[in-house]
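Notes follow once the structure below has been shown.
Every number in this text was worked out from the coordinates using simple rules, so none of it is lab data. Every value quoted in this text rests on a predicted model; they were computed, and no experiment measured them. All Cβ positions, even for glycine, are placed from backbone atoms using ideal geometry, and neighbour counts span all protein chains on display.
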Amino acid sequence: MKHVLIIGGNRGLGLAWTKYYLAEGYKVTATYHDRDNSQAIFDIKSKKLNVLECDVTNEMNITALADKVKDADYIIYNAGTKGYKVPFTTPDKITPQEREFAMKVNCYGVDSVMRTFLPIMLTRKNGVFVYMSSGVSSTLDNASGGYHPYRMSKAAGNSAVRNMDIFVTQTWLKNGNLASERPVLFALSPGLVDTGMGAGVGGAMPVKQALEEMDKVIENVGKSKDSHGLWSHNNTKIENYVEPNVLKVPSQPILPAYQESVKKLLHCQSKPSIHSMVLRTRLR
Ligand SMILES: NC(=O)c1ccc[n+]([C@@H]2O[C@H](COP(=O)([O-])OP(=O)(O)OC[C@H]3O[C@@H](n4cnc5c(N)ncnc54)[C@H](OP(=O)(O)O)[C@@H]3O)[C@@H](O)[C@H]2O)c1
């Protein structure tokens, strides 16, 4: 049975994810932060559900969570905050406190979770880490402005996730594992959904549709290993990233004997080719 950890699983989209994966037969660990907002998750009666407390702005909470959840196949970082009180808040109206709070939840929080769960992720073949991002995190796609702290902090969150995806891939291969089984970390925009942040907004998608679409993207990225982009719920990329250098060489694990012979060969070359330079990087 697959195990899903949903960070921020007590209400809104996170609560919907919890119910969705339970209905799919998964074991689910869902976290809450504010007990007053969390009765709905405690009302779910299921032996497959474990509910734990975690404030993503608190490193000790995150460490305690990682100590309790060592076998998650999927981790969904759903926790998020708008970081502003008035919609369409422009850059000149934001207080440093609002900006800092958005960064703490939407960027530093996901970074801390990834760093703390790194040893666990490196043991999970085909593991998937999803950062619940937003279409407005895309600078490429920003034609209207507004949402200042939200945009900044989600864009920074995307960047942290991308960097960690590359680091996990490098470490995974260095440890002699197959690229075809590597864990993937990526950012996914749910679109405008009729929950918490998007509730009541004209044109917001029904929750069921958003979850079914995103589930397909998660399956697709988990299998294809195409974590090289900011993904949208509709299975297209909002932003396309370059493929990491480390994946541009054969994906088989490098056996020690092969490693030695390649090192000798590279040592004899006076003018290294591009390919040999990539191999040198991989052998380090
Ligand atoms: N709904 C949309 O249309 C939409 C669109 C684009 C992106 N998103 C993204 O999707 C995610 C869920 O959105 P939503 O609409 O469901 O929002 P929501 O109803 O406001 O839910 C926010 C979630 O984040 C958690 N959270 C906030 N601060 C936290 C902290 N310090 N530590 C741990 N958890 C914390 C909340 O838990 P507590 O209640 O315990 O604080 C809650 O579970 C967010 O990341 C959001 O940016 C949503």
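Quick one: net charge around residue 183, please, counting Lys, Arg +1 and Asp, Glu -1 for every other residue with C-beta under 11 Å from its C-beta.
+1
What angle do you read, to the nearest 10 degrees and between 0 and 90, between the alpha-carbon axis of helix 256-268 and the longest principal axis of the chain?
That helix lies at roughly 60 degrees to the long axis.
Residue 71 versus residue 139, label points 7 Å from Cα toward the beta carbon: distance in nm?
4.3 nm
Which pairs in the list 216/248; 2/174; 19/48; 45/68 are over 22 Å apart, alpha-carbon to alpha-carbon?
In this structure, 216/248; 2/174 exceed 22 Å between Cα atoms.
Relative contact order for the chain using alpha-carbon pairs under 8 Å, separation at least 6, rounded to a whole percent?
Worked out over the chain, it gives 15 percent.
Under a 5 Å amide H to amide H cut-off, with H placed in plane at 1.01 Å, what residues pair with residue 129 once short-range neighbours are removed?
Placed amide hydrogens put 75, 184, 185, 186 under 5 Å from residue 129.
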